[in-house]
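The values are calculated or read from the model by the stated rules, or taken from the named source; none is laboratory data. From a predicted model like this one, the values you see are computed outputs, not experimental measurements. As a convention, Cβ positions derive from the backbone with ideal geometry for all residues, glycine included, and neighbour counts pool all protein chains shown. Accessible surface is based on the protein model in full, side chains and every heavy atom, while ligands, DNA and RNA are left aside. Shrake-Rupley method; radii C 1.70, N 1.55, O 1.52, S 1.80 Å.
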Amino acid sequence: METALTTKKNLTPAQQAVMSFTSSVNGSYVQNQLKQVLGKNSGTFATSLVEVFTNDTQLQKCDQKKVVQEAIKAATLKLPLNKQLGYAYIVVYNNWDKTARKSIPTPTLILGWKGLLQLALRSGQYRNINADVVYEGELKSKDKLSGAIDLSGYKVSEKVEGYFAHFETVNGFKKTLFMPLNDMANYALKYSPTFKRNVEKNPVPTVDQLCDMANDQAINGPTGKVGWEGDFNSMAIKTVLRRLLGKFGYLSIEMMNAIAEDEGGSPE
């Protein structure tokens, strides 16, 4: 009969990582932390966390304690870690470690636009809030003075013109922000850690290439990856919504902390 030690030796490194992570998540320390913030829903969150880790080979290369730390941030915000739901993700960036003097895979919690929208709605301060893609033909005019945009036009193609976010508070204050596709591509290249990489091994796309990517994904859907290159349009929607809320919206303490955390890890 094989011992547990012998069986573990027969596992691949990835399988060993999953086994170790599962044991850590099911341990009393992590379980107690999850129960403190999620109560009876802690078990479901823990199961989904193990599933996310199991299906992500990049996460399996990270320090498992740091993965758990990022997951607990999502639990504190009561946002599920599920790529299909689109509320929050744990993305891996290769960050420079001063002590090790090399880049190491680092897990980072990223809010999806649905997560940001959810936090805004929880504040109870918004009567109406929305953000989406603007397609060719829909934008009729933009008032530079007030910032209002007229989206009463008819969509004539799947070509992306830009992105908008809009809100109205319960006291009647309204504000809208529109960002053209070209501006969004420039913004992503300037600020996203996704494009702070070794250009010799993995060339950074141009603005035109990012615009083509956005249009292709508008027709064929996202690639399944998280981030700008995997789902450009979702990241763009989140960006325009976050910029609008951060500049003109009402921010609860929960929202301020979430936005600050999101900007600190990945200013998308």
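At-a-glance table
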read-out: Residue selected from segment 38-60 under the condition surrounded by fewer than 16 Cβ atoms within 10 Å (Cβ to Cβ) and charged (D, E, K, R), by the criterion farthest from residue 112 (Cα to Cα); value: 40
read-out: Subset of segment 116-138 [among the small types (Gly, Ala, Ser) and over 22 Å from the mean Cα position of the chain (by Cα)]; value: 124, 137
read-out: Among residues of segment 217-259, those that are among the β-branched types (Val, Ile, Thr) and outside any helix (DSSP H, G or I), counted; value: 2
read-out: Boolean, residue 86 is under 23 Å from residue 235 (Cα atoms) and modelled with pLDDT under 90; value: yes
read-out: Every pair of residues 6+ apart whose Cβ atoms lie under 7 Å, when the first sits in segment 216-232 and is under 17 Å from residue 85 (Cα atoms) while the second is surrounded by fewer than 11 Cβ atoms within 10 Å (Cβ to Cβ); value: 230/224
read-out: Test: residue in segment 222-229 that is modelled with pLDDT of 90 or more and open to solvent by 30 Å² or more (accessible area, probe 1.4 Å); value: no
read-out: Qualifying residue in segment 141-159 (condition: open to solvent by 60 Å² or more (accessible area, probe 1.4 Å), within 21 Å of residue 245 (Cα to Cα) and either assigned to a helix (DSSP H, G or I) or of a type in the set (Val, Ile, Thr) (or both)); value: no
read-out: Residue check, residue 182 in contact with a Cys (Cβ under 9 Å, 6 or more places away or on another chain), polar (S, T, N, Q), in contact (Cβ under 8 Å) with a residue 12 or more places away in the chain and open to solvent by less than 80 Å² (accessible area, probe 1.4 Å); value: yes
read-out: Meets criteria (surrounded by 15 or more Cβ atoms within 10 Å (Cβ to Cβ) and small (Gly, Ala, Ser)) for residue 162; value: yes
